[in-house]
There are 2 protein chains.
Amino acid sequence: MSKDLGITPRGENYAEWYNDLVKRADLAENSVVRGCMVIKPHGFALWELMRDALDGMFKASGHVNACFPLLIPKSFFEREAEHVEGFAKECAIVTHHRLTADGQGGLIPDPEAMLEEPYVIRPTSETIIWHSYKNWIQSYRDLPILINQWANVMRWELRPRLFLRTAEFFWQEGHTAHATYEEAEEEALLILGIYRRFCEEWMCVPVVAGIKSEGEKFAGADHTYTIETMTQDLRAIQAGTSHHLGQNFAKAFDVKYQSAEGKEEFVWATSWGVSTRLIGTLIMAHSDDKGLVCPPRIAPVQVAIIPIARADDRERVFAAADQLAEALRSSSWSGLPLRVKVDKSDKSPGFKFNEWELKGSCLRIELGPRDLDANQAVIARRDSSEKSTVALDQVVAQVLASLDSLQNSLFDRATVLLESNTKRVDNWEDFKAAFGGEGGGGFVVAHWDGTAETEARINEETRATIRCIPIVPLDPADAEPGQCVLTGRPSKQRVVFAKAY
Amino acid sequence: MSKDLGITPRGENYAEWYNDLVKRADLAENSVVRGCMVIKPHGFALWELMRDALDGMFKASGHVNACFPLLIPKSFFEREAEHVEGFAKECAIVTHHRLTADGQGGLIPDPEAMLEEPYVIRPTSETIIWHSYKNWIQSYRDLPILINQWANVMRWELRPRLFLRTAEFFWQEGHTAHATYEEAEEEALLILGIYRRFCEEWMCVPVVAGIKSEGEKFAGADHTYTIETMTQDLRAIQAGTSHHLGQNFAKAFDVKYQSAEGKEEFVWATSWGVSTRLIGTLIMAHSDDKGLVCPPRIAPVQVAIIPIARADDRERVFAAADQLAEALRSSSWSGLPLRVKVDKSDKSPGFKFNEWELKGSCLRIELGPRDLDANQAVIARRDSSEKSTVALDQVVAQVLASLDSLQNSLFDRATVLLESNTKRVDNWEDFKAAFGGEGGGGFVVAHWDGTAETEARINEETRATIRCIPIVPLDPADAEPGQCVLTGRPSKQRVVFAKAY
């Protein structure tokens, strides 16, 4: 069946299923610009809902939005040694500020308009922002600065993939400045908590929250916190990161403040971000062979009403569908008016059923002349395909209850997936076997000797990476010392391994 | 007094007044990147309110948001002849995708990572979007497409000015596709109406709506509609434009549709945009020597509560201020909860009064221990500085009434400015005299012979340009034929001249 929909089944080829789904659900498509995507209206509506929810959480915790330049002077990348290693390599470089006629009917960059210093399209904004903060911060009274920006950034990705890894992507990047190490640490963890809450309570995606190994941390950070999620093919996706930057950027850009005691000190910093990659995370967590499955709290369309009528019933059924839509739209769920579409297009009911399943409407309401005569409607759930016949005056109540139930059951199902595919492994043979197949292998919780060398060898042999060292051990025994799964050397605690997207 | 605030008075130097205000009101600052600005949190909060209001109007009229790539292949600019003339000249060109070590501790664009075809950072997105539309449009069933995007764009401005003209700026750009000329025309006018309504009803800025002369229209348009506003120094600002693109881009990108009758036809198009320039328009329309004056509907802070207390009254006064703020925040005005700040910083009351006047809080509430004893508060209006003493249980009602009054009186005042500085001129001496001074000269409604040559000569001699040919004549007699103010040749109707920002 899903072949008819133009979607390769998950069981056949998971990567193709994902690509097919993104296109058929009308979320995004590849653009003519290398590695860049076009986010189509349905995909962008999803992003707007995610953005608004996160933005509300940031603002409720005292953050404000601002906007810094798209371009960064090349020399800024030369200032923070680790940062340049991580980011200056593959990015878009602006070298000219004019095109001119080439004399053959075409255009070339004007040799006379070459920039003295090239600019880099921001791959992330620490450097340009800390350059501003130098002027904004003099005394402890100017701290903390709690700024976020919603922006497009660009990294020249060699193997792009819609939403998960694209050259240009959309994200929010928070950049905060603090008087002490402890305040920056508190901020980094506050944000990690917001990211976790958003993933779990809005996206229905359970996460493992932890700290990155030295090898996997952000280039320029003191340490990096992460939330890691599991896909249906049992790989990990890093869904969001929150970095304690120490005083690294303050030192690189000479940002000091005068403390209440009159002492000059370097400022402490955090940065943190989630991106349109969250859309990929969402798809990989819940969707199925019929298309997008979307948690109600972020679904662009929560209810699709399909009037089923021949020409002579058309007017009556359409009017009833509109009336029902109005009743639903004037109800609210989870603090917002319901998002409802009435599909009056001239396609067949069967086509419309498929279409709205593809696009991830949470509930479908079927309404035909016989339903109207019987004063009822049929409600079908997207996740379970379960159908129920409901009296018209009970539809609103039933919709609200079903959305609650859907939100909960998507989270429960994803939690079962995560828990049942998280295992403890204590020897190298089992470890290799766990990551032997084509798919992911789930989360393997194993001992590691703490060295970058061992981390690299494990990755070479299995393609698994250390996703994180959980902040709260998944099981209390994980925090006990043991022996490295590869080298047998002492290990302080178990860490989480997985193959990652 | 305004010298103490760090703001040059308008009467002394209008341009400096503007720059000082933008900085002192903490709206934006110049960045290290040539011609680019940093929009600071207070300025960005203003932009968010403007954006949300416009976005709501676009969505209510059937438009949806999407996102197209930041970069445009150079060759796309070669396809539409007028468009390339207008836009390919001063823009940012990406030529490399990697930096590499220069062997002397620095970085250079890697010669081995030169792009085969350079990219241009979008100065506007017609070309990249119509390239996508070619794949999206086959039949009349695919039309209309009503897409908008909120995006950053870049034009290499030679004389940048915060908000009014910056290299990178933020805007929305609508790009619609239609089956007929008439539908595109209807769309272009629908949007012009939304822009007018937003300017007048939200920003309190009256506009003259009209059509651009051939010389001033958008490069690639069939014709361009504009709304023109007046600054306090009597110049014009083009606040928004809506273009009927004819079939120009459809032809350049070969976008045809099959009509219901089975005929292949080129698609008709519009594009339209307003930008962060609206913030400059707003400042120039209402603000004064004390700082920003902001219409209540888009003011980031509508009410600033200043508790006035010495140490021993502090707790009691702060508690009362918080309680009042809560009462206000749970009231709504113009459909949204009131935006209220309580300033508990340790600065003096006088400092705080100035600070919130600078930042454009619509109302200030002063609350001291003696006010509390008398069960009252003092409310001061930002526009008129008028103060009134109000019983505490009447504060909410008084605030709501004052915001209404402020919204109306700002519009009325700006309308008086516009009308009293719009004059009809019938001979060349008077015309030159009108634009002779340092300032603007207002709107001069005069006859023009309709030729580009005369338009250019008038501009050379007076620096005035044709702002528009009003859709509805400002006075019925303006639509009558006459003689060109410069050449004496026949003129079909009067047009509006002004010096523009």
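The values are calculated or read from the model by the stated rules, or taken from the named source; none is laboratory data. What you see is a predicted model, and the numbers here were worked out from it, not measured in a lab. All Cβ positions, even for glycine, are placed from backbone atoms using ideal geometry, and neighbour counts span all protein chains on display.
Quick check on region A:358-370. Is at least one of its residues free of Cβ contacts under 8 Å to residues at least 24 places away in the same chain and acidic (Asp, Glu)? Looking through region A:358-370, none of the residues is free of Cβ contacts under 8 Å to residues at least 24 places away in the same chain and acidic (Asp, Glu). Considering region B:154-170, and only residues there that are crowded, with 22+ Cβ neighbours inside 10 Å and in a strand (DSSP E or B), the residue that is nearest to the other protein chains (Cβ to nearest Cβ) turns out to be B:168.
Count of region B:64-90 residues, restricted to those that are closer than 24 Å to residue A:168 by Cα, out of contact with any His (no Cβ under 7 Å at 6 or more places or on another chain) and more than 7 Å from chain A (Cβ to nearest Cβ), is 3. Filtered by the rule that a residue be basic (Lys, Arg) and more than 20 Å from residue B:194 (Cβ to Cβ), region B:261-284 gives a lone residue, B:263. I'd like to know if region A:60-69 contains one or more residues that are free of Cβ contacts under 8 Å to residues at least 12 places away in the same chain and more than 30 Å from residue B:77 (Cβ to Cβ). Yes, some residue in region A:60-69 is free of Cβ contacts under 8 Å to residues at least 12 places away in the same chain and more than 30 Å from residue B:77 (Cβ to Cβ).
Looking at B:180, B:231, can you tell me which residue is closer than 30 Å to residue B:9 by Cβ and away from chain A (no Cβ under 14 Å)?
B:231
Answer yes if at least one residue in region A:315-336 is crowded, with 16+ Cβ neighbours inside 10 Å, in contact with a Ser or Thr (Cβ under 9 Å, 6 or more places away or on another chain) and either modelled with pLDDT of 95 or more or not in a loop (DSSP other than H, G, I, E, B) (or both), and no otherwise. Checking region A:315-336: not a single residue is crowded, with 16+ Cβ neighbours inside 10 Å, in contact with a Ser or Thr (Cβ under 9 Å, 6 or more places away or on another chain) and either modelled with pLDDT of 95 or more or not in a loop (DSSP other than H, G, I, E, B) (or both). Among all residues of region B:101-117, there is none that is over 19 Å from residue B:281 (Cβ atoms), in a helix (DSSP H, G or I) and touching a helix residue (DSSP H, G or I) at 6+ places or on another chain (Cβ under 9 Å). Looking only at residues of region B:348-375 that are in contact with a helix residue (DSSP H, G or I) (Cβ under 9 Å, 6 or more places away or on another chain) and closer than 11 Å to residue B:307 by Cα, we find that the one that is surrounded by the fewest Cβ atoms within 10 Å (Cβ to Cβ) is B:369. Look at (1) of a type outside the set (Asp, Glu); (2) at pLDDT 95 or above; (3) under 18 Å from the mean Cα position of the chain (by Cα) and you find that residue A:218 fails only one, number (2). Applying the selection to region B:123-136, what residues are within 10 Å of another protein chain (Cβ to nearest Cβ), of a type outside the set (Phe, Trp, Tyr) and touching a helix residue (DSSP H, G or I) at 6+ places or on another chain (Cβ under 9 Å)? Those that are within 10 Å of another protein chain (Cβ to nearest Cβ), of a type outside the set (Phe, Trp, Tyr) and touching a helix residue (DSSP H, G or I) at 6+ places or on another chain (Cβ under 9 Å): B:128, B:129, B:131.
Any residue at all in region B:96-109 that is more than 7 Å from chain A (Cβ to nearest Cβ) and either within 22 Å of residue A:37 (Cα to Cα) or buried (at least 21 other Cβ atoms within 10 Å of the Cβ) (or both)? Looking for residues that are more than 7 Å from chain A (Cβ to nearest Cβ) and either within 22 Å of residue A:37 (Cα to Cα) or buried (at least 21 other Cβ atoms within 10 Å of the Cβ) (or both), one finds none in region B:96-109, hence no.
Restricting attention to region B:22-43, the residues that are under 18 Å from the mean Cα position of the chain (by Cα), touching a residue at least 60 places away in the same chain (Cβ under 8 Å) and facing chain A (nearest Cβ under 7 Å) total 2. Listed by position, the strands (runs of 3 or more DSSP E) enclosed by region A:387-501 that each have at least 2 residues that are surrounded by fewer than 19 Cβ atoms within 10 Å (Cβ to Cβ) and charged (D, E, K, R) are A:422-424. Looking only at residues of region A:238-254 that are surrounded by fewer than 24 Cβ atoms within 10 Å (Cβ to Cβ) and among the aliphatic types (A, V, I, L, M), we find that the one that is nearest to residue A:148 (Cα to Cα) is A:250.
As a summary of the residue check, residue B:46 satisfies the conditions (1) at the interface with chain A (Cβ under 7 Å from one of its Cβ atoms); (2) of a type outside the set (Lys, Arg); (3) surrounded by 23 or more Cβ atoms within 10 Å (Cβ to Cβ) except for the one numbered (1).
One line per residue, one yes/no per condition, for (1) touching a residue at least 40 places away in the same chain (Cβ under 8 Å); (2) among the hydroxyl-bearing types (Ser, Thr, Tyr):
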site	(1), (2)
B:408	no, no
B:417	yes, no
B:422	yes, yes
B:466	yes, no
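Would you call residue A:224 free of Cβ contacts under 8 Å to residues at least 40 places away in the same chain, outside any helix (DSSP H, G or I) and assigned by TED's automatic domain parsing to the domain that holds residue A:273? Against the criterion (free of Cβ contacts under 8 Å to residues at least 40 places away in the same chain, outside any helix (DSSP H, G or I) and assigned by TED's automatic domain parsing to the domain that holds residue A:273), residue A:224 qualifies. Of the strands (runs of 3 or more DSSP E) lying entirely inside region B:264-314, those carrying at least 3 residues that are surrounded by fewer than 24 Cβ atoms within 10 Å (Cβ to Cβ) are B:264-266.
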